[in-house]
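Have a look at the structure that comes next, please.
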Amino acid sequence: MDILVLGGAGQVGTELKAYAWPDGVRVDAPDRTALDITDAGAVAQALDAKAYAAVINTAAYTAVDKAESDVVAAWRLNTLAPAILAAATRERGIPLVHVSTDYVFDGDGLGDYVPDAPVNPRSVYGASKAAGEMAVRTANLRHAIVRTAWVVSPHRGNFVKTMLRLSAERDALTVVDDQHGCPTSATDLAEACARIALRLAADADAPTGTFHCVNAGATTWAGFAQAIIAGSAARGGRAIPVTGIPTSAYPTPARRPANSRLSTASLTAAYGIVPRPWATALDDILDRLIGPAHTNTETRA
(Lines give C-alpha, C1' and ligand atoms only; values in the text may rest on other atoms or scores of the structure.)
Protein backbone atom coordinates (compact mmCIF):
# COMPACT_ATOMS: atom_id res chain seq x y z
CA MET A 1 0.00 0.00 0.00
CA ASP A 2 1.35 3.41 -1.00
CA ILE A 3 0.35 6.63 0.79
CA LEU A 4 1.15 10.09 -0.57
CA VAL A 5 1.88 12.75 2.08
CA LEU A 6 1.95 16.38 1.00
CA GLY A 7 3.62 19.02 3.15
CA GLY A 8 6.21 16.50 4.31
CA ALA A 9 8.65 19.18 5.49
CA GLY A 10 6.17 20.68 7.97
CA GLN A 11 5.48 19.70 11.56
CA VAL A 12 2.74 17.17 10.80
CA GLY A 13 4.39 15.93 7.63
CA THR A 14 7.61 15.26 9.50
CA GLU A 15 5.73 13.23 12.09
CA LEU A 16 3.86 11.33 9.36
CA LYS A 17 7.18 10.31 7.83
CA ALA A 18 8.35 9.08 11.25
CA TYR A 19 5.05 7.33 12.08
CA ALA A 20 5.16 3.57 12.72
CA TRP A 21 3.15 2.57 9.66
CA PRO A 22 1.98 -1.05 9.40
CA ASP A 23 4.18 -3.49 7.51
CA GLY A 24 3.74 -3.15 3.79
CA VAL A 25 2.74 0.53 3.87
CA ARG A 26 5.09 2.81 1.94
CA VAL A 27 4.98 6.59 2.28
CA ASP A 28 6.02 9.09 -0.35
CA ALA A 29 6.48 12.65 0.93
CA PRO A 30 7.83 14.89 -1.84
CA ASP A 31 8.74 18.43 -0.87
CA ARG A 32 7.47 21.50 -2.73
CA THR A 33 10.45 21.45 -5.10
CA ALA A 34 9.60 17.90 -6.15
CA LEU A 35 5.84 18.43 -6.47
CA ASP A 36 3.99 21.72 -6.90
CA ILE A 37 0.48 20.95 -5.71
CA THR A 38 -0.85 24.16 -7.28
CA ASP A 39 0.02 22.65 -10.69
CA ALA A 40 -2.81 20.37 -11.84
CA GLY A 41 -0.61 18.66 -14.41
CA ALA A 42 2.12 17.90 -11.90
CA VAL A 43 -0.42 16.50 -9.43
CA ALA A 44 -1.96 14.28 -12.11
CA GLN A 45 1.45 12.97 -13.09
CA ALA A 46 2.35 12.21 -9.47
CA LEU A 47 -0.91 10.35 -8.83
CA ASP A 48 -0.50 8.34 -12.02
CA ALA A 49 3.01 7.28 -11.06
CA LYS A 50 1.71 4.87 -8.39
CA ALA A 51 -1.58 3.35 -7.35
CA TYR A 52 -1.89 5.40 -4.17
CA ALA A 53 -4.33 4.06 -1.61
CA ALA A 54 -4.77 7.46 0.06
CA VAL A 55 -3.47 11.02 -0.01
CA ILE A 56 -2.85 13.10 3.14
CA ASN A 57 -2.54 16.84 2.57
CA THR A 58 -0.82 18.72 5.39
CA ALA A 59 0.58 21.45 3.10
CA ALA A 60 -0.68 24.97 3.79
CA TYR A 61 0.23 28.63 3.77
CA THR A 62 0.39 29.15 7.54
CA ALA A 63 2.01 32.60 7.87
CA VAL A 64 -1.19 34.03 9.31
CA ASP A 65 -0.16 37.68 9.48
CA LYS A 66 1.77 37.67 6.20
CA ALA A 67 -1.31 36.26 4.45
CA GLU A 68 -3.11 39.56 5.04
CA SER A 69 -0.85 41.16 2.42
CA ASP A 70 0.26 38.03 0.51
CA VAL A 71 -3.31 37.18 -0.43
CA VAL A 72 -2.75 35.46 -3.76
CA ALA A 73 -0.08 33.11 -2.42
CA ALA A 74 -2.28 32.16 0.55
CA TRP A 75 -5.28 31.39 -1.64
CA ARG A 76 -3.18 29.43 -4.15
CA LEU A 77 -1.86 27.02 -1.54
CA ASN A 78 -4.85 26.93 0.80
CA THR A 79 -7.67 26.90 -1.77
CA LEU A 80 -6.45 26.16 -5.30
CA ALA A 81 -4.19 23.30 -4.22
CA PRO A 82 -6.92 21.45 -2.24
CA ALA A 83 -9.28 21.90 -5.20
CA ILE A 84 -6.71 20.37 -7.55
CA LEU A 85 -5.97 17.52 -5.13
CA ALA A 86 -9.64 16.76 -4.51
CA ALA A 87 -10.50 16.67 -8.21
CA ALA A 88 -7.47 14.56 -9.10
CA THR A 89 -8.03 12.06 -6.29
CA ARG A 90 -11.73 11.74 -7.10
CA GLU A 91 -10.94 10.94 -10.73
CA ARG A 92 -8.69 8.10 -9.56
CA GLY A 93 -10.88 6.83 -6.74
CA ILE A 94 -8.41 7.84 -4.01
CA PRO A 95 -9.60 9.05 -0.58
CA LEU A 96 -8.21 12.40 0.59
CA VAL A 97 -7.36 13.43 4.15
CA HIS A 98 -7.03 17.22 4.34
CA VAL A 99 -5.78 19.15 7.39
CA SER A 100 -7.57 22.43 8.17
CA THR A 101 -7.75 24.93 11.01
CA ASP A 102 -9.73 26.55 13.82
CA TYR A 103 -9.35 29.88 11.98
CA VAL A 104 -12.38 28.99 9.84
CA PHE A 105 -14.42 30.07 12.91
CA ASP A 106 -14.72 33.67 14.08
CA GLY A 107 -13.92 32.68 17.65
CA ASP A 108 -16.88 34.57 19.07
CA GLY A 109 -18.75 31.44 20.16
CA LEU A 110 -18.77 29.87 23.61
CA GLY A 111 -17.76 26.32 24.45
CA ASP A 112 -16.24 23.83 22.03
CA TYR A 113 -16.92 24.23 18.31
CA VAL A 114 -18.42 21.12 16.71
CA PRO A 115 -17.51 20.27 13.09
CA ASP A 116 -20.84 21.39 11.64
CA ALA A 117 -20.84 24.77 13.42
CA PRO A 118 -21.15 27.66 10.94
CA VAL A 119 -17.82 28.97 9.70
CA ASN A 120 -17.14 32.70 9.68
CA PRO A 121 -13.43 33.39 9.12
CA ARG A 122 -12.06 36.81 10.07
CA SER A 123 -8.68 36.64 8.31
CA VAL A 124 -7.26 35.91 4.87
CA TYR A 125 -5.72 32.73 6.25
CA GLY A 126 -9.01 31.55 7.73
CA ALA A 127 -11.00 32.46 4.62
CA SER A 128 -8.57 30.67 2.32
CA LYS A 129 -8.67 27.55 4.50
CA ALA A 130 -12.49 27.61 4.66
CA ALA A 131 -12.61 27.84 0.86
CA GLY A 132 -10.15 24.95 0.64
CA GLU A 133 -12.47 22.88 2.80
CA MET A 134 -15.36 23.64 0.47
CA ALA A 135 -13.29 22.63 -2.53
CA VAL A 136 -12.49 19.28 -0.92
CA ARG A 137 -16.11 18.64 0.09
CA THR A 138 -17.50 19.35 -3.35
CA ALA A 139 -14.79 17.67 -5.46
CA ASN A 140 -14.18 14.36 -3.64
CA LEU A 141 -16.90 12.79 -1.53
CA ARG A 142 -14.41 10.31 -0.04
CA HIS A 143 -12.67 12.86 2.12
CA ALA A 144 -11.86 13.52 5.75
CA ILE A 145 -11.23 17.14 6.64
CA VAL A 146 -9.33 17.25 9.94
CA ARG A 147 -9.41 20.63 11.65
CA THR A 148 -6.82 21.31 14.30
CA ALA A 149 -5.35 24.18 16.33
CA TRP A 150 -2.22 25.38 18.13
CA VAL A 151 0.05 22.71 16.62
CA VAL A 152 3.43 22.24 18.31
CA SER A 153 6.30 19.78 18.02
CA PRO A 154 10.10 19.55 18.22
CA HIS A 155 10.21 20.59 14.55
CA ARG A 156 10.14 23.85 12.63
CA GLY A 157 9.00 27.08 14.25
CA ASN A 158 6.17 26.86 16.79
CA PHE A 159 5.01 28.27 20.12
CA VAL A 160 6.88 25.78 22.32
CA LYS A 161 10.20 26.44 20.63
CA THR A 162 9.61 30.20 20.69
CA MET A 163 8.87 30.21 24.42
CA LEU A 164 11.97 28.11 25.14
CA ARG A 165 14.12 30.51 23.12
CA LEU A 166 12.66 33.62 24.76
CA SER A 167 12.97 32.14 28.24
CA ALA A 168 16.71 31.80 27.66
CA GLU A 169 16.97 35.40 26.45
CA ARG A 170 14.63 37.33 28.77
CA ASP A 171 13.93 37.61 32.47
CA ALA A 172 10.13 37.76 32.07
CA LEU A 173 7.50 37.20 29.38
CA THR A 174 4.15 38.78 28.57
CA VAL A 175 1.73 36.56 26.62
CA VAL A 176 -1.87 36.99 25.48
CA ASP A 177 -4.28 35.58 28.05
CA ASP A 178 -7.73 36.08 26.50
CA GLN A 179 -7.47 33.66 23.58
CA HIS A 180 -8.59 30.15 24.50
CA GLY A 181 -7.69 26.99 22.65
CA CYS A 182 -6.44 23.43 22.65
CA PRO A 183 -2.70 22.85 22.13
CA THR A 184 -2.08 19.97 19.73
CA SER A 185 0.93 17.71 19.35
CA ALA A 186 1.93 17.23 15.72
CA THR A 187 2.75 13.64 16.68
CA ASP A 188 -0.81 13.00 17.82
CA LEU A 189 -2.32 14.80 14.84
CA ALA A 190 -0.15 12.79 12.46
CA GLU A 191 -1.24 9.54 14.11
CA ALA A 192 -4.89 10.52 13.72
CA CYS A 193 -4.40 11.40 10.04
CA ALA A 194 -2.58 8.11 9.45
CA ARG A 195 -5.30 6.05 11.12
CA ILE A 196 -8.01 7.84 9.17
CA ALA A 197 -6.15 7.41 5.87
CA LEU A 198 -5.57 3.70 6.46
CA ARG A 199 -9.22 3.16 7.32
CA LEU A 200 -10.42 5.06 4.26
CA ALA A 201 -8.02 3.08 2.08
CA ALA A 202 -9.20 -0.27 3.42
CA ASP A 203 -12.92 0.35 3.93
CA ALA A 204 -15.17 1.88 1.28
CA ASP A 205 -17.74 2.55 3.99
CA ALA A 206 -15.35 4.35 6.37
CA PRO A 207 -16.75 7.60 7.82
CA THR A 208 -16.20 10.70 5.74
CA GLY A 209 -16.77 14.39 6.43
CA THR A 210 -15.26 16.94 8.79
CA PHE A 211 -13.66 16.12 12.13
CA HIS A 212 -11.71 17.96 14.80
CA CYS A 213 -8.42 16.71 16.23
CA VAL A 214 -6.80 18.56 19.13
CA ASN A 215 -5.32 17.36 22.39
CA ALA A 216 -7.72 17.17 25.33
CA GLY A 217 -8.20 20.17 27.56
CA ALA A 218 -7.99 23.89 26.90
CA THR A 219 -5.90 26.80 28.08
CA THR A 220 -4.85 30.29 27.02
CA TRP A 221 -1.63 31.24 25.30
CA ALA A 222 -0.36 32.61 28.62
CA GLY A 223 -1.37 29.42 30.41
CA PHE A 224 0.35 27.37 27.73
CA ALA A 225 3.47 29.49 28.07
CA GLN A 226 3.49 29.03 31.84
CA ALA A 227 3.28 25.25 31.39
CA ILE A 228 6.15 25.33 28.89
CA ILE A 229 8.35 27.39 31.21
CA ALA A 230 7.51 25.14 34.17
CA GLY A 231 8.32 22.06 32.11
CA SER A 232 11.58 23.59 30.97
CA ALA A 233 12.49 24.51 34.56
CA ALA A 234 11.87 20.91 35.60
CA ARG A 235 14.49 19.97 33.03
CA GLY A 236 17.07 22.51 34.17
CA GLY A 237 15.86 25.58 32.28
CA ARG A 238 15.21 29.05 33.66
CA ALA A 239 12.04 29.59 35.69
CA ILE A 240 10.93 33.05 34.61
CA PRO A 241 7.55 34.71 35.24
CA VAL A 242 4.86 34.82 32.54
CA THR A 243 2.33 37.64 32.78
CA GLY A 244 -0.95 37.55 30.89
CA ILE A 245 -1.97 40.50 28.72
CA PRO A 246 -5.10 41.22 26.64
CA THR A 247 -5.11 40.77 22.88
CA SER A 248 -5.56 44.52 22.54
CA ALA A 249 -2.08 44.99 24.00
CA TYR A 250 -0.52 42.85 21.27
CA PRO A 251 -2.05 43.95 17.94
CA THR A 252 -1.40 41.80 14.85
CA PRO A 253 -2.35 42.21 11.16
CA ALA A 254 -4.62 39.14 11.29
CA ARG A 255 -7.38 38.74 13.84
CA ARG A 256 -6.98 35.67 16.07
CA PRO A 257 -10.05 33.73 17.26
CA ALA A 258 -10.75 34.42 20.93
CA ASN A 259 -12.17 30.91 21.21
CA SER A 260 -10.41 28.11 19.35
CA ARG A 261 -11.70 25.23 21.44
CA LEU A 262 -12.72 22.30 19.23
CA SER A 263 -14.87 19.29 20.11
CA THR A 264 -13.32 15.94 19.18
CA ALA A 265 -16.42 13.86 20.01
CA SER A 266 -17.22 13.04 16.38
CA LEU A 267 -13.63 11.91 15.75
CA THR A 268 -13.88 9.52 18.68
CA ALA A 269 -17.28 8.24 17.55
CA ALA A 270 -16.20 7.70 13.94
CA TYR A 271 -12.63 6.46 14.34
CA GLY A 272 -12.19 5.54 17.99
CA ILE A 273 -9.48 8.18 18.42
CA VAL A 274 -9.40 9.61 21.95
CA PRO A 275 -6.91 12.50 22.19
CA ARG A 276 -4.67 12.56 25.25
CA PRO A 277 -4.29 15.66 27.46
CA TRP A 278 -2.23 18.47 25.99
CA ALA A 279 -0.05 18.65 29.11
CA THR A 280 1.00 15.02 28.61
CA ALA A 281 1.78 15.69 24.95
CA LEU A 282 3.77 18.79 25.95
CA ASP A 283 5.90 16.70 28.31
CA ASP A 284 6.80 14.39 25.43
CA ILE A 285 7.82 17.34 23.26
CA LEU A 286 9.97 18.81 26.03
CA ASP A 287 11.57 15.39 26.59
CA ARG A 288 12.55 15.34 22.93
CA LEU A 289 13.80 18.92 22.90
CA ILE A 290 15.53 19.09 26.28
CA GLY A 291 15.54 15.68 27.93
CA PRO A 292 13.61 14.03 30.78
CA ALA A 293 12.52 16.06 33.79
CA HIS A 294 14.83 15.82 36.77
CA THR A 295 13.68 13.07 39.11
CA ASN A 296 14.21 15.26 42.15
CA THR A 297 12.02 18.03 40.74
CA GLU A 298 8.30 18.09 41.27
CA THR A 299 6.53 17.93 37.89
CA ARG A 300 2.98 18.66 36.85
CA ALA A 301 0.37 16.00 37.45
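What about residue 37, is it among the hydrophobic types (A, V, I, L, M, F, W, C), over 30 Å from residue 252 (Cβ atoms) and surrounded by 18 or more Cβ atoms within 10 Å (Cβ to Cβ)?
Criteria not met by residue 37.
In the set 83, 9, 88, which member is of a type in the set (A, V, I, L, M, F, W, C), outside any loop (DSSP other than H, G, I, E, B) and more than 17 Å from residue 129 (Cβ to Cβ)?
Of 83, 9, 88, the one residue that is of a type in the set (A, V, I, L, M, F, W, C), outside any loop (DSSP other than H, G, I, E, B) and more than 17 Å from residue 129 (Cβ to Cβ) is 88.
Can you tell me which residue among 147, 165, 195, 156 is closer than 28 Å to residue 287 by Cα, at pLDDT below 95 and among the basic types (Lys, Arg)?
156
Might you check whether a residue that is in contact with a His (Cβ under 9 Å, 6 or more places away or on another chain) and either surrounded by fewer than 19 Cβ atoms within 10 Å (Cβ to Cβ) or in contact (Cβ under 8 Å) with a residue 24 or more places away in the chain (or both) occurs anywhere in region 61-79?
No, region 61-79 contains no residue that is in contact with a His (Cβ under 9 Å, 6 or more places away or on another chain) and either surrounded by fewer than 19 Cβ atoms within 10 Å (Cβ to Cβ) or in contact (Cβ under 8 Å) with a residue 24 or more places away in the chain (or both).
For residues that are touching a Gly at 6+ places or on another chain (Cβ under 8 Å), among the acidic types (Asp, Glu) and over 24 Å from residue 185 (Cβ atoms), tally how many sit in region 14-57.
0
Can you spot a residue in region 33-47 that is under 18 Å from the mean Cα position of the chain (by Cα) and closer than 25 Å to residue 195 by Cβ?
Checked against the condition, which is being under 18 Å from the mean Cα position of the chain (by Cα) and closer than 25 Å to residue 195 by Cβ, region 33-47 yields no hits at all.
May I pose another question? If I go through region 15-66 residue by residue, how many of them are aliphatic (A, V, I, L, M) and assigned to a loop (DSSP other than H, G, I, E, B)?
Counting residues in region 15-66 that are aliphatic (A, V, I, L, M) and assigned to a loop (DSSP other than H, G, I, E, B) gives 10.
Restricting the search to region 1-57, which residues are among the charged types (D, E, K, R) and touching a Leu at 6+ places or on another chain (Cβ under 6 Å)?
Matches in region 1-57: 28 only.
Given the criterion without any contact (Cβ under 8 Å) to a residue 12 or more places away in the chain, surrounded by fewer than 20 Cβ atoms within 10 Å (Cβ to Cβ) and not small (Gly, Ala, Ser), identify the matching residue among 156, 170, 165, 92.
Matching residue, one of 156, 170, 165, 92: 165.
The values are calculated or read from the model by the stated rules, or taken from the named source; none is laboratory data. In this text the structure is predicted, and so the values were computed from the model without any measurement. Here the Cβ is made from the backbone with ideal geometry for all residues, glycine too, and neighbour counts use every protein chain on show.
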